[in-house]
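Peer 1: Dropping a structure here in structure tokens format, bear with me for questions.
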Number of protein chains: 2
Amino acid sequence: MEKEITIYDIAKILGLSPATVSRALNDHPAININTKTSIVTKASELGYRSNTFASNLRKRKTNTLGVIVPRLNSNFMSAVLAGMEEVANEAGYNLIISQSLESVKKEIANARTMFNSMVDGLLASVAYDTDDAGHFESFVAKGIPVIFFDRIIGDARFSGVTIDNVKAGYEVTRHLVGQGCSRILHVTGNLKRNVYAGRMEGYKRAIAEFDLPQDESLILVTDLGQEAGKAAAQYLHTLPARPDGIFLASDVCAVSCIQALKEIGYVVPGDVAVAGFNNDPVSQVIEPNLTTVHYPGDQIGQVAVKTMINHLNGHSSIHPASSIILDSELIIRGSSLRKKKGN
Amino acid sequence: MEKEITIYDIAKILGLSPATVSRALNDHPAININTKTSIVTKASELGYRSNTFASNLRKRKTNTLGVIVPRLNSNFMSAVLAGMEEVANEAGYNLIISQSLESVKKEIANARTMFNSMVDGLLASVAYDTDDAGHFESFVAKGIPVIFFDRIIGDARFSGVTIDNVKAGYEVTRHLVGQGCSRILHVTGNLKRNVYAGRMEGYKRAIAEFDLPQDESLILVTDLGQEAGKAAAQYLHTLPARPDGIFLASDVCAVSCIQALKEIGYVVPGDVAVAGFNNDPVSQVIEPNLTTVHYPGDQIGQVAVKTMINHLNGHSSIHPASSIILDSELIIRGSSLRKKKGN
DNA sequence: ATTTGTATTGCAATCGATTGCATAAATTTT
DNA sequence: AAAATTTATGCAATCGATTGCAATACAAAT
């Protein structure tokens, strides 16, 4: 554990002042090119590395972004993170990542940690049950930008990066209708979350537009887990007026639902057409392949971080309230295809 | 952007010295209980937050662990990260995560960044092509612990957390043999990596033990991607002496292989029994369900971080060279089941 | 030769928290 | 009552890098 080289060491060796060394290493224009070269050379020769803490302490900036997600281990989220990491890394920012495990309590704790770590900005996708943005107030108060992604909070003080869930939900439902479905069950998640509320609204719009039954018993609020998928299949089986289509707000849930439906004896899409959401890898493995909505996780991550960094550099003028809406895409596969033509 | 509260502010208000305030906030035993209480109260009243940089600068410790992974967006890796985050968070450590995208060059750059960020310890799973531990030397030199996980480097100066890949590979192969397979194709990844080399060695041992053909044409080195799975199916189809079993070192690859096999017209497991590795979610969706090895990602992550933190706290005495081997488990499913009984 | 300008470099304070050592006050021992 | 402890607090240096404001040197202009 040898001692670290500091700018003082370099200064002493070269007979210069620490100030000059510091400037040279930061490529300050006022330093003579020869001096600069010799300093840089000597620095790398000695294996000098800048002490981030001293630097951060002085500059009051951390070059670190905080990220809070509900869960790390979902296909979608890891795509988001991969996208974030890519952009952040390129711009010289580090990411501190934490997961709330869908618990508001842990989310609050994580936010506090991020706050105390003095992140330059915060990127968050909120937990299932989060009611308000109280735990993000402190960031606002200190002028630290907060950007929500995917699961955003409808609050005028934060911007968000997401897709048009209403439109996507509408398109899925319209597609099912186009395939001849006339009673469509919608399986969704906690409606506090924009993503699920939006998809449901899209569903309802399409239902209304095509004069289909607006039956409350056709909407099932669940946790969208694997069990929920099975339960949805059972539920459908018990309904007197049997639905002939299901739109589930998550692929993982949709897949287990299809499995359960097949077990009960239904034919997909013959008896029941099924559509999911997310374009998870499992959607291309289940038989029949699952109709779904491609959800650009990596793009969401990239855009969120890009927006954040631009904002930190003062290069942008995003209104706090503005949201960035990325394109999603309906992907039609076997699980809903009953007709050869049309959509 | 109001100004931050510092211990000096608190000291002034309470008529004490910054030293006392600092000690009180760190629960130093020499501080009077009443003094301590009043300081803590006032601090939270003012919304004081400790400046990590000043603290780190003085303490020469960052409470941050660096993590380098090949890719963030795989099911296995996100499980690992989730496990890591859980343990780290609980112990008050932050994680800085970066991905090499399977590129040695990026891995080297990431290592340098981590080094310059002065992480207290480094956790790494190396890229496909990484040949040596050169870029981790600097950590060793500075006495910063490095722990590899999953894809470890066989170097006496680093410890690692992984599973017994040889044993797992052996068990998979033995199982296939037990199901009546007599020509088993093994599809693997870059053999520089212990995980693939180990699985292959296990495969070879079983092959030798049961006197099956040790044909080099039965070993296929690929990148284990989806395309590789399809290619493997095609390859099998072209072999004059048709294999009746395939052991692929990754589920994702195995699943696309099964799909391609079925497309060509093979019956799984009737014509060809298939086994994968990782227990990825897709293994339970493909039909027939895929026989695989459960790979405890979250445990690997948890253990790696626990080991690291114990080491940092001086609580442990892991020899640098020692490795921690976690249990894996053969999970038998339809894709390899030809007989009703036995394995 | 004097003034003005320009290019480089240094001085010294600053960013907050920590900690070894010293001091002061309160308590106990002799 | 004086001495020895114990308890509680303060002093001041330290951790490295940054930066506004001089200061110096040398070239150009008058």
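The values are calculated or read from the model by the stated rules, or taken from the named source; none is laboratory data. Note that the structure is a prediction, hence the values are computed from the model and not measured. Please note: Cβ atoms are built from the backbone with ideal geometry, for glycine as well, and neighbour counts cover all protein chains shown. Note: accessible area is taken over every heavy atom of the protein model, side chains too, but ligands, DNA and RNA are not part of it. Shrake-Rupley method; radii C 1.70, N 1.55, O 1.52, S 1.80 Å.
Peer 1: Can you find, within the range A:12-33, the residue that is surrounded by the most Cβ atoms within 10 Å (Cβ to Cβ) among those that are more than 7 Å from DNA strand C (Cβ to nearest atom) and in a helix (DSSP H, G or I)?
Peer 2: The qualifying residue surrounded by the most Cβ atoms within 10 Å (Cβ to Cβ) is A:21.
Peer 1: Given B:197, B:228, B:249, which one is of a type in the set (Gly, Ala, Ser) and farther than 19 Å from residue B:293 by Cα?
Peer 2: Being of a type in the set (Gly, Ala, Ser) and farther than 19 Å from residue B:293 by Cα holds for just one of B:197, B:228, B:249, which is B:228.
Peer 1: Taking residue A:113, is it touching a helix residue (DSSP H, G or I) at 6+ places or on another chain (Cβ under 8 Å), surrounded by fewer than 23 Cβ atoms within 10 Å (Cβ to Cβ) and either of a type in the set (Ser, Thr, Tyr) or farther than 28 Å from residue A:230 by Cα (or both)?
Peer 2: yes
Peer 1: Please count how many residues of the range B:91-102 are farther than 16 Å from residue B:77 by Cα and open to solvent by 40 Å² or more (accessible area, probe 1.4 Å).
Peer 2: Count: 2.
Peer 1: Then there's this: Quick check: anything in the range B:72-94 charged (D, E, K, R) and either near DNA strand C (Cβ under 8 Å from one of its atoms) or out of contact with any strand residue (DSSP E or B) (no Cβ under 6 Å at 6 or more places or on another chain) (or both)?
Peer 2: yes
Peer 1: Hey, among the residues in the range B:272-287 that are assigned to a loop (DSSP other than H, G, I, E, B) and farther than 14 Å from residue B:257 by Cβ, which one's farthest from the other protein chains (Cβ to nearest Cβ)?
Peer 2: Looking at the filtered set, the residue picked out is B:279.
Peer 1: I'm checking my understanding of the structure. Among residues of the range A:65-123 that are among the aromatic types (Phe, Trp, Tyr) and at the interface with chain B (Cβ under 10 Å from one of its Cβ atoms), which one is nearest to residue A:250 (Cα to Cα)?
Peer 2: Ranking the qualifying residues of the range A:65-123, first place goes to A:76.
Peer 1: Tell me, please, whether a residue that is at negative phi and within 14 Å of another protein chain (Cβ to nearest Cβ) can be found in the range B:181-193. Please lay out each step first, then the result.
Peer 2: Step one: list which residues in the range B:181-193 are at negative phi, which gives B:181-193.
Subsequent filtering for residues that are within 14 Å of another protein chain (Cβ to nearest Cβ) retains none.
No; the residues of the range B:181-193 include none that is at negative phi and within 14 Å of another protein chain (Cβ to nearest Cβ).
Peer 1: Go over the candidates B:252, B:272 one by one and state the one that is open to solvent by 50 Å² or more (accessible area, probe 1.4 Å) and in contact with an Asp or Glu (Cβ under 7 Å, 6 or more places away or on another chain).
Peer 2: B:252
Peer 1: Would you check which residues across the range A:1-20 are more than 46 Å from the chain's Cα centre (by Cα) and over 17 Å from residue A:32 (Cβ atoms) and list them? Before you say what the answer is, go through the steps one by one.
Peer 2: Going through the range A:1-20, the residues more than 46 Å from the chain's Cα centre (by Cα) turn out to be A:11-17.
Matches in the range A:1-20: A:12, A:13.
Peer 1: If you take the residues in the range B:146-163 that are in contact with a Pro (Cβ under 8 Å, 6 or more places away or on another chain) and of a type outside the set (S, T, N, Q), which one is nearest to the other protein chains (Cβ to nearest Cβ)?
Peer 2: The extreme case among them is B:157.
Peer 1: Looking only at the range B:37-53, count every residue that is within 13 Å of DNA strand D (Cβ to nearest atom), more than 33 Å from the chain's Cα centre (by Cα) and within 9 Å of another protein chain (Cβ to nearest Cβ) and tell me the total.
Peer 2: Looking only at that region, the number is 0.
Peer 1: For the range B:288-306, which residues satisfy the criterion of being more than 14 Å from chain A (Cβ to nearest Cβ) and either open to solvent by 20 Å² or more (accessible area, probe 1.4 Å) or of a type in the set (Lys, Arg) (or both)?
Peer 2: B:294, B:303, B:306
Peer 1: For residue A:69, are the conditions met, namely being closer than 20 Å to residue A:191 by Cα, of a type in the set (A, V, I, L, M) and open to solvent by less than 40 Å² (accessible area, probe 1.4 Å)? Steps first, answer last, please.
Peer 2: On the way: closer than 20 Å to residue A:191 by Cα: yes; of a type in the set (A, V, I, L, M): yes; open to solvent by less than 40 Å² (accessible area, probe 1.4 Å): yes.
When the stated conditions are applied, residue A:69 passes them.
Peer 1: Then there's this: For the range B:38-49, does any single residue satisfy the condition of being at pLDDT below 90 and within 10 Å of DNA strand C (Cβ to nearest atom)?
Peer 2: Yes, because at least one residue in the range B:38-49 is at pLDDT below 90 and within 10 Å of DNA strand C (Cβ to nearest atom).
Peer 1: Please enumerate the residues belonging to the range A:1-11 that are open to solvent by less than 50 Å² (accessible area, probe 1.4 Å), touching a helix residue (DSSP H, G or I) at 6+ places or on another chain (Cβ under 7 Å) and either within 14 Å of chain B (Cβ to nearest Cβ) or near DNA strand D (Cβ under 7 Å from one of its atoms) (or both).
Peer 2: Of everything in the range A:1-11, those that are open to solvent by less than 50 Å² (accessible area, probe 1.4 Å), touching a helix residue (DSSP H, G or I) at 6+ places or on another chain (Cβ under 7 Å) and either within 14 Å of chain B (Cβ to nearest Cβ) or near DNA strand D (Cβ under 7 Å from one of its atoms) (or both) turn out to be A:5, A:7.
Peer 1: Considering each residue of the range A:124-133, count those that are buried (at least 20 other Cβ atoms within 10 Å of the Cβ) and either within 14 Å of chain B (Cβ to nearest Cβ) or over 14 Å from the mean Cα position of the chain (by Cα) (or both), and give that number.
Peer 2: So in the range A:124-133, the residues buried (at least 20 other Cβ atoms within 10 Å of the Cβ) come out as A:124-127, A:130.
From what's left, either within 14 Å of chain B (Cβ to nearest Cβ) or over 14 Å from the mean Cα position of the chain (by Cα) (or both): A:130.
Of the residues in the range A:124-133, 1 are buried (at least 20 other Cβ atoms within 10 Å of the Cβ) and either within 14 Å of chain B (Cβ to nearest Cβ) or over 14 Å from the mean Cα position of the chain (by Cα) (or both).
Peer 1: Another question, if that's okay. Out of the range B:134-145, which residues are assigned to a helix (DSSP H, G or I) and open to solvent by 30 Å² or more (accessible area, probe 1.4 Å)?
Peer 2: B:134, B:137, B:138, B:140, B:141
Peer 1: Does any residue in the range A:13-29 that is more than 14 Å from chain B (Cβ to nearest Cβ) come within less than 8 Å, Cβ to Cβ, of a residue that is near DNA strand C (Cβ under 6 Å from one of its atoms) six or more places away or on a different chain, and which pairs are these?
Peer 2: A:16/A:35; A:20/A:31; A:20/A:35; A:23/A:30; A:23/A:31; A:24/A:31; A:24/A:35
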